[in-house]
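Everything on this sheet refers to the single structure shown next.
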Amino acid sequence: MTITIALVITALAFVLVCGANDGASLLAMAVRHGSGSAVPVLLMLTAAVALGPALFGVRVARTFTDGLVPADAGRPALVFLAGATAAVGLVLLLTWRGIPTSITLAVLGALAGAGSGLGEQPQWTRLGLVLGIAAAAPLAGAAAGFALGRGARRMPAAPGMPRLVRGAHFVAFGCQCLAYAANDGQKMFAVAAVASAGHVAGSLDTPPGLLPALAVALVFAVGAVLSLRRVSGGASVRLLAARPWQVASAEMASSATVLSSAALGAPVSMTQTVIGGLVGAGASEGGRRVRWQFAVPLVTAWGVTLPAAYAAGLLAGLLVRGVTA
């Protein structure tokens, strides 16, 4: 009973932090570049998160529950509790210190560390494959953004072009919402499923019902609203003095990349892939268009978050192991 309560509290905190980081970043970019006012884009993102498991299944979520530490291991629920708690704590600490981070990397590293700390052998081969795909996603987003940016530049001018660009923004943001729900956002459902079931094995045999999915989406939306002002001047804004067509190109590029990785069941960071798309779209006009110093946080997130998350998860796993021994 105590473990179940701790899992529920951890799940609520985790979903709130996902909204504060992922959700607020997506909303800030959409509002700043003309995809719409805050309310409709927030509703669109919330609806996509709620409907994501029903539309796309839970293959990515199952990577978190079954793909890193075997669900039939001795104490998988404790691994999840220690790992998710360590991930939340690390993301809050790094954010407070102003160090770029990634929740997806934090979860992957912390779950592996917690498994090691609790004596459960992580599936290193699967983890390496997932991390390889996650590292390739921003590069794929950059390539797609470059190609789409080149294509957009060649479009002939037309009297109704501003309206067409606004419409393209709206469609591109809708695609981003769906891509986030299909991939990156599923880490929330993995943690929530384990918390509600109190165990890992079988917790995601079927997608969650509409009411549980809506509850997760609403907590996510609250986190996004609370953090929107904080992230409104983030690296994605400073990276490029973006033209409207470049933003739309980056949004479509990141959506296609993240949806492709979802088909492989590999969780990747939507925020990092968007940054890659912006770099590619900006570079389509020449490398000098990109303020490369603001792309450094993407590399920093990998260099800091992943090893720190593993260490935090390992420490949490050892502490839980000592308490429950």
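The values are calculated or read from the model by the stated rules, or taken from the named source; none is laboratory data. Because the structure is predicted, anything quoted here is derived from the model rather than measured. Cβ sites come from the backbone with ideal geometry, for glycine too, and all protein chains shown count toward neighbours.
The table that follows gives values for the structure above.
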item: Residue in region 283-297 that is closer than 15 Å to L94 by Cβ and at pLDDT 85 or above present; result: no
item: The lone exception for E120 - which of (1) within 28 Å of R289 (Cβ to Cβ); (2) assigned to a loop (DSSP other than H, G, I, E, B) it fails; result: (1)
item: Given (1) of a type in the set (F, W, Y); (2) touching a helix residue (DSSP H, G or I) at 6+ places or on another chain (Cβ under 6 Å); (3) free of Cβ contacts under 8 Å to residues at least 12 places away in the same chain, index of the condition F64 fails; result: (3)
item: Subset of region 273-318 (residues that are of a type in the set (G, A, S) and closer than 30 Å to L78 by Cα); result: A301, G303, A308, A309, A311, A312, G313, A316, G317
item: Test: residue in region 129-151 that is of a type in the set (F, W, Y) and touching a residue at least 40 places away in the same chain (Cβ under 8 Å); result: yes
